[in-house]
Structures are given as structure tokens and as C-alpha cells.
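Shown next, in C-alpha cells, is the structure this report addresses.
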Amino acid sequence: MDLSEVLQKLLLSYKQYYDIVTEDVLSPFKAEAKFVSHEEQYFLVRSAKLSDIDSTEHVYFATEKAPSLERLQELAKLAWEDGLKSVKPYYGHRNSDVTVLVLCEDCDKSVLKGCRKIKYSKTYKFMLYGWSNFKFAVIDVNSGMTGSNTQGSDLKKFLLKTLKKSGAIK
């Protein structure tokens, strides 16, 4: 199974909760997904609003044959900068996270370990206006090996489980 087919199977798992875009996406990414959540809390009546909470996540999908650590860092930087362009912090902004998922065919173990060093985060007005975190994960579809940064460690399990369930990897 080639990388584009694996990507399509992965996008199906995101389709239920995320808005998926596969055309006119930031190059070199193949697809983007966006999740937006808005919550309001009231005290008895709507005029007594307690809180207004917005949370957003931008997910960027990339496919690479045999990426180097420098290439992965370049993808991470591109996604981080593009994801922060749409952030508008205000009193009700909770978080705007950026996630990068890279599917590859042949990835070296040292590159997968090097993913731990890819870190970005930002706070707005000492976290009063929210924050942005960066999650990064790489999966070698041929061997099933994964790598991620600290924030993206939960993505490794999700990727393996989803792709095994869909039959994309063994």
C-alpha cells in the first residue's frame, strides 16, 4: 500500500470530528484538518455568562519517502508558523494547538528518536488569553515504528491503532 492510500485511510478517522481540506493546502503538506470547539457557561440565565471558551486544533498531514531530521524540523516549523497565523487570543481563548503527522516509508531509528527535540509552545498574556502547543508524530508505515515529541506521545498510540484497524499497516 503506498503512502497516499495510507493517508486516505488516516483521513477517514479524522473526518468525523475535523474539517478536512485536501486542496489548496500549505505546500509540502498533503492535507489539513481543523477542529473548533466553542463552549459557554451561564449562571441560571444567559445574561449571567460565566465563561466563554474557544479551543482550536490544526492538523497537518505530510508524506515523505525517507525523511531526514532536518526535513522533519522544516515541516514542523512551517506548520507551526502557519497554524499561529489564525490564532486570535482574547479572554475566552483557551488553546490553539498545532499538530503535524508525517507518514513515511523508510525512516531511520535515529530520526525517530530525534523527533523528541522538536518543541514549540507559546502563551498569550501569561496564559490569561490561552496558549498554543505543538504535537508532532512520525510513523514508518512499512515497519510500524513511530516517533514523536513529548506533546505528541499520545498520537503514536492513536496512529498505530487506527492504521492497524484500517489494514494500512501490519
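Summary of values
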item: Test: residue in the range 66-88 that is within 19 Å of Ala31 (Cα to Cα), in contact with a helix residue (DSSP H, G or I) (Cβ under 7 Å, 6 or more places away or on another chain) and not in a helix (DSSP H, G or I); result: yes
item: Any hit, the range 32-40, residues being over 22 Å from Thr150 (Cβ atoms) and either in a loop (DSSP other than H, G, I, E, B) or of a type in the set (Lys, Arg) (or both); result: yes
item: Residue count, the range 26-54 (criterion: buried (at least 16 other Cβ atoms within 10 Å of the Cβ) and within 24 Å of Asp106 (Cβ to Cβ)); result: 3
item: Number of the condition not met by Glu57 [criteria: (1) touching a residue at least 24 places away in the same chain (Cβ under 8 Å); (2) open to solvent by less than 90 Å² (accessible area, probe 1.4 Å); (3) more than 18 Å from Phe134 (Cβ to Cβ)]; result: (3)
item: Selected residue (criterion: nearest to the chain's Cα centre (by Cα)) from residues of the range 99-152 that are buried (at least 19 other Cβ atoms within 10 Å of the Cβ) and of a type in the set (D, E, K, R); result: Lys135
item: Residue in the range 2-21 that is least open to solvent (accessible area, probe 1.4 Å), counting only those that are among the polar types (S, T, N, Q) and assigned to a helix (DSSP H, G or I); result: Ser13
item: Check on Thr63, within 24 Å of Leu128 (Cα to Cα) and crowded, with 16+ Cβ neighbours inside 10 Å; result: no
item: Selection count, the range 124-137, where residues are on the phi < 0 side of the Ramachandran plot and either assigned to a loop (DSSP other than H, G, I, E, B) or modelled with pLDDT under 95 (or both); result: 3
item: Residue in the range 78-86 that is within 18 Å of the chain's Cα centre (by Cα), open to solvent by 50 Å² or more (accessible area, probe 1.4 Å), within 30 Å of Lys49 (Cα to Cα) and not β-branched (Val, Ile, Thr) present; result: yes
item: Residues located in the range 107-147, provided they are under 16 Å from Tyr60 (Cβ atoms) and aromatic (Phe, Trp, Tyr); result: Tyr120, Phe134, Phe136
item: Residue list for the range 153-165, filter: crowded, with 16+ Cβ neighbours inside 10 Å and of a type in the set (S, T, N, Q); result: Thr162
item: Condition check for Ser110: of a type outside the set (A, V, I, L, M), touching a residue at least 12 places away in the same chain (Cβ under 8 Å) and either part of a strand (DSSP E or B) or more than 25 Å from Lys15 (Cα to Cα) (or both); result: yes
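The values are calculated or read from the model by the stated rules, or taken from the named source; none is laboratory data. Computed from a predicted model, the values in this text were never measured in an experiment. Cβ: placed from backbone, ideal geometry, glycine included. Neighbour counts: every protein chain shown. The protein model used for the area step is the full one, side chains on, heavy atoms only, and it has no ligands, DNA or RNA in it. Shrake-Rupley method; radii C 1.70, N 1.55, O 1.52, S 1.80 Å.
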